[in-house]
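What follows is a set of notes on a single structure, which appears directly below.
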Amino acid sequence: MFIALLIWSLANYLDVSFGNLRMHKAGEKVWQAKFRSISLRLGYIGNTCWALLFFPVTRGSSVLPLVVLTSESSIKYHIWLGHLSNLLFALHTVGFFIYWAMIDQMAEGSWTQKLYRETSSSVDRIEVSVEGPYGPNSYHFLRHESLVMVSGGSGISPFISIIREIIFQSNKPDFQVPNVHLICSFKNFADLSMLDILLPIFGTPVELSKLQLQIEVYVTKENERPKSDTQNLLQSIWFKPNPLDSPISSALGSNSWLWLGAIITSSFIMFLLLLGIVTRFYIYPIERNGTEVYHYSYKCLWDMFLVCVCVFIVSSSVYLWSKQQQNAQREANSIVFLCEIFQNTNILY
């Protein structure tokens, strides 16, 4: 059904665009304009895939149970949506490269042509604007006295680079070597071999002795130690649950998926009401005068703003109400617990 929707959308786009072809360059032929239109509409169809690709397939989704789907089964469709969107965008890109080659406009847009005219004329200098780079400095971790790094599996890779960088910087005379505490977990004992690349093989003992490094490693999926000479270096630690520990409840209670469904429904209804109010009393009076047309981009901004406001209001109200109910339930449980203690305690006068 989704493939049929894409085919119908593409056919509808092409039917409209072929009936209103515009030649964007002198000497452009009709078949070239149609080829450009096909390449452009393929990108539009890719956006249709993205509309569903960004739909959440989380474990706590409230919509998936309504269509008898689990997060595990919906991931398969999510992957195929990604493949299909990549294919459509690739065809869109390749199509425009072919189109630009057909009309002799490969990398020669209006801005490039203007730049060529400027550089070809007798000018002494050209002013340019350069921005970036953005983001934090890659060496910001060297400013701290202590580093605690927690990783799981292959997530240890960036920390290996950080530790190697610290070893390299420790050769400088005025460098203050930070204390490094690495906590990592692996599924199998065989994955412990990743720690072998933690320290560079070319480092001398003097260089490595400057590094103040502590490593804690946990294996989560295997119970038996490997039979090797390094067996005595491994220590098994079993974490037993504490009777006082209580399971972490979701923010919206045990029936969270029902509450999420109610949030989506209520937010949608509130969005329609607010959108009608804004359109009737703000946008319509502007367009009724006939002097100007309210810009389409501003309408989209209003839509996004109202959606965010509605979701925030409804979800915050439900969360606060659920939190109040949980606090009341805890207080009731505490009172029952105290009554049981007093009943089982002998009071001496």
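The values are calculated or read from the model by the stated rules, or taken from the named source; none is laboratory data. The structure displayed is predicted, hence computed values, not measured ones. Note that each Cβ is placed from the backbone with ideal geometry, even for glycine, and that neighbours are counted across all protein chains shown. Just so you know, the surface numbers come from the protein's heavy atoms only, side chains and all, with ligands and any DNA or RNA stripped out. Shrake-Rupley method; radii C 1.70, N 1.55, O 1.52, S 1.80 Å.
Set side by side, the residues 170, 193, 185 differ, and just one is small (Gly, Ala, Ser), at pLDDT 70 or above, open to solvent by 50 Å² or more (accessible area, probe 1.4 Å) and under 27 Å from residue 141 (Cβ atoms), which is 193.
Among the residues of the stretch 28-65, count how many are over 29 Å from residue 12 (Cβ atoms) and either surrounded by fewer than 17 Cβ atoms within 10 Å (Cβ to Cβ) or among the charged types (D, E, K, R) (or both). The total comes to 4.
Pairs linking a residue in the stretch 89-100 that is over 15 Å from residue 50 (Cβ atoms) and part of a helix (DSSP H, G or I) to a residue that is open to solvent by 50 Å² or more (accessible area, probe 1.4 Å) and of a type in the set (Phe, Trp, Tyr), with Cβ atoms under 8 Å and 6 or more positions apart or on different chains, are 95/35; 98/35; 99/35. Do we have any residue at all in the stretch 317-335 that's modelled with pLDDT under 80 and either within 25 Å of the chain's Cα centre (by Cα) or not in a helix (DSSP H, G or I) (or both)? No, the stretch 317-335 has no match at all.
One residue alone among 132, 82 is over 30 Å from residue 31 (Cβ atoms), open to solvent by less than 100 Å² (accessible area, probe 1.4 Å) and modelled with pLDDT of 80 or more, and that residue is 82. Candidates in the stretch 244-283 are the residues that are of a type in the set (Ser, Thr, Tyr) and modelled with pLDDT under 85; of these, the one that is most open to solvent (accessible area, probe 1.4 Å) is 254. Among the residues of the stretch 3-27, the ones that are touching a residue at least 24 places away in the same chain (Cβ under 8 Å), within 32 Å of the chain's Cα centre (by Cα) and open to solvent by 30 Å² or more (accessible area, probe 1.4 Å) come to 3 in all. Among the residues of the stretch 28-55, write down those that are of a type in the set (A, V, I, L, M, F, W, C) and over 37 Å from the mean Cα position of the chain (by Cα). The answer is 30, 31, 33. Annotation: of all residues in the stretch 101-129 being surrounded by 10 or more Cβ atoms within 10 Å (Cβ to Cβ) and in a loop (DSSP other than H, G, I, E, B), the one that is modelled with the highest pLDDT is 103.
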